Amino acid sequence: AGRGEVTGRLRLVGGSAATLAEATGGTPDLAVWSHPVTPSGRVELLPFLHEQAISITNHRFGNPTTISDGVI
């Protein structure tokens, strides 16, 4: 996206989706969630959070090392 363009995801709580679309120029680069809020925060946040897994291998040839001691 270039300078000044609106992109990403937006959760609209209250307000008008039509007014928001007009204000942003109706860009398809902005995903708007404007449905009623669910009572479950975990469900509500799913489209907005990114899951990340981190793995550390702390051995060389089966021998434990101290490489990750400062990280864990």
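The values are calculated or read from the model by the stated rules, or taken from the named source; none is laboratory data. This structure is a prediction, so every number in the text was calculated from the model and none was measured. Glycine gets a Cβ as well: all are built from the backbone with ideal geometry, and neighbour counts include every protein chain shown.
A compact table of results
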{"read-out": "Considering residues of the range 1-26 that are in a loop (DSSP other than H, G, I, E, B) and surrounded by 12 or more Cβ atoms within 10 Å (Cβ to Cβ) only, the residue modelled with the lowest pLDDT", "value": "VAL6"}
{"read-out": "Pairs where the first residue, in the range 40-69, is closer than 19 Å to GLY8 by Cα and among the hydrophobic types (A, V, I, L, M, F, W, C) and the second is surrounded by 10 or more Cβ atoms within 10 Å (Cβ to Cβ) and at pLDDT 75 or above, C-beta under 9 Å, 6+ apart", "value": "LEU45/ARG11; PHE48/ARG9; PHE48/ARG11; PHE48/TRP33"}
